[in-house]
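Visitor: Dropping a structure here in structure tokens format, bear with me for questions.
The values are calculated or read from the model by the stated rules, or taken from the named source; none is laboratory data. These numbers were taken from a predicted model, which means no experiment stands behind them. FYI the Cβ positions are ideal-geometry reconstructions off the backbone, even for glycines, and counts take in every protein chain you see.
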Amino acid sequence: MEENKNTGCLYIVATPVGNLEDISFRALRTLREADLIAAEDTRHTLKLLNHYEIKKPLISYYEHNKRERGNELILQLESGKNIALVTDAGTPGISDPGEDIVKLAIENDIPVVMVPGPTALIMGVVLSGLPCGRFCFEGFLPHRKKERIKRLESIRCEERTIVFYITPHRTIDELCDMLSVLGNRKSALCRELTKKHEEIIRGTLEQIIETLSSRESIKGEMVLVVEGEKTSESLPEKELLSLPIADHIEHYINQDLNLKDAMKQVAKDRGVSKSDVYSEYIKNKESG
């Protein structure tokens, strides 16, 4: 794209998730040199600017004013002003309206430059102890239970590690829905990343729910990392179905599924009910 010399530039600036020392030299320089800083919450961003003694005009840009304010920012960019866009924490555009202003700028032939830095989802994946080579990001789940269940069902067969953002007031409800739809998978809940009370809770979904249920309150934004669906690549489908049911169950237990989830997967593989699998399992156990 040929740059318009009279047009300003939109800088997407990643800021600390928690610890203010995580900001880059380039991010600080960009904030100091920008004509205007567009922030998700100007009060929150002002704390960061004051910490580094940066004095710049601030304007709010968030979910509920993004349409009107986005057009206003484009006009300012077209007039030659350089604007730095920041979110409350981490990288703008990841599960926030920064995505919209980037698209709008591109549509209007305005240069967009990324100033990279902290991203909570990457930290969560690395700290989880789950496979990092392939993963998918689902962001925040829908508020309504019916829509949330539908979304979870759409990714039930996802084999890659799955990353979610979780809000404190729906944590238990969302974890219980995941347990119901996805099964009792290995997971890691990363809370208050880079802050004084950073906490990583690792275990199965049931174990994490049990840990959180004993607390009076749950605070802080969270990243939840959940293992993908276990595959049966070690044995061809034809060979799996030729196994006795007890051996078929054992196959999945060896892949780290618990007995309940192993039976559920066997029932799915064979196209029978879970009660039929359970009855056959008990019969085999009693005869053995």
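Visitor: Scan segment 88-122 for residues that are of a type in the set (S, T, N, Q) and touching a helix residue (DSSP H, G or I) at 6+ places or on another chain (Cβ under 6 Å) and jot them down.
Guide: Once the filter is applied, which keeps residues that are of a type in the set (S, T, N, Q) and touching a helix residue (DSSP H, G or I) at 6+ places or on another chain (Cβ under 6 Å), segment 88-122 yields only N108.
Visitor: So, of the residues in segment 138-175 that are without any contact (Cβ under 8 Å) to a residue 40 or more places away in the chain, in a loop (DSSP other than H, G, I, E, B) and under 21 Å from A120 (Cβ atoms), which turns out to be nearest to the chain's Cα centre (by Cα)?
Guide: The selected residue is L141.
Visitor: Out of segment 237-254, which residues are surrounded by 13 or more Cβ atoms within 10 Å (Cβ to Cβ) and under 16 Å from S279 (Cβ atoms)?
Guide: I245, A246, H248, I249
Visitor: So which residues in segment 105-126 are outside any helix (DSSP H, G or I) and more than 16 Å from R69 (Cβ to Cβ), if there are any at all?
Guide: Result: D109, P111, V112, V113, M114, V115, P116, G117, P118, T119.
Visitor: From the set of residues in segment 254-281 that are hydrophobic (A, V, I, L, M, F, W, C) and at pLDDT 80 or above, which is nearest to the chain's Cα centre (by Cα)?
Guide: A262
Visitor: So, one more: Looking only at segment 60-74, which residues are in contact with a helix residue (DSSP H, G or I) (Cβ under 7 Å, 6 or more places away or on another chain) and crowded, with 17+ Cβ neighbours inside 10 Å?
Guide: Result: Y61, K66, G70, L73, I74.
Visitor: Can you tell me which residues in segment 190-227 are surrounded by fewer than 14 Cβ atoms within 10 Å (Cβ to Cβ) and under 17 Å from V163 (Cα atoms)?
Guide: Result: E199, single match.
Visitor: Next question. If you scan segment 54-80, which residues turn out to be basic (K, R) and either modelled with pLDDT under 95 or within 31 Å of the chain's Cα centre (by Cα) (or both)?
Guide: Across segment 54-80, the qualifying residues are K66, R67, R69.
Visitor: Kindly provide the set of residues from segment 1-53 that are over 27 Å from the mean Cα position of the chain (by Cα), loosely packed, with under 13 Cβ neighbours inside 10 Å and either among the hydrophobic types (A, V, I, L, M, F, W, C) or under 17 Å from D88 (Cα atoms) (or both), ordered by number.
Guide: Once the filter is applied, which keeps residues that are over 27 Å from the mean Cα position of the chain (by Cα), loosely packed, with under 13 Cβ neighbours inside 10 Å and either among the hydrophobic types (A, V, I, L, M, F, W, C) or under 17 Å from D88 (Cα atoms) (or both), segment 1-53 yields M1, N50, H51, Y52.
Visitor: Another question, if that's okay. Residue pairs, Cβ under 7 Å, 6 or more apart or interchain, first in segment 248-264 and free of Cβ contacts under 8 Å to residues at least 12 places away in the same chain and within 15 Å of E229 (Cα to Cα), second part of a helix (DSSP H, G or I) and of a type outside the set (K, R). List them.
Guide: From segment 248-264, the pairs are I253/L259; I253/A262.
Visitor: Another question, if that's okay. Quick check on segment 133-141. Is at least one of its residues under 24 Å from T167 (Cα atoms), touching a Lys or Arg at 6+ places or on another chain (Cβ under 8 Å) and loosely packed, with under 14 Cβ neighbours inside 10 Å?
Guide: yes
Visitor: Another question about this same structure. Residues to consider are T161, T204, T211; find the one that is of a type in the set (S, T, N, Q), closer than 27 Å to A89 by Cα and out of contact with any Phe, Trp or Tyr (no Cβ under 6 Å at 6 or more places or on another chain).
Guide: T211
Visitor: Moving on to the next point. How about segment 33-47: which of its residues are over 19 Å from G80 (Cβ atoms) and touching a strand residue (DSSP E or B) at 6+ places or on another chain (Cβ under 6 Å)?
Guide: Across segment 33-47, the qualifying residues are A39, T42, T45.
Visitor: Tell me which residues, restricted to segment 227-253, are at pLDDT 80 or above and either assigned by TED's automatic domain parsing to the domain that holds I172 or part of a loop (DSSP other than H, G, I, E, B) (or both).
Guide: Listed by number, the residues that qualify are E227, G228, E229, L243, P244.
Visitor: Looking at segment 148-168, is at least one residue farther than 27 Å from K260 by Cα and among the polar types (S, T, N, Q)?
Guide: Yes: one or more hits.
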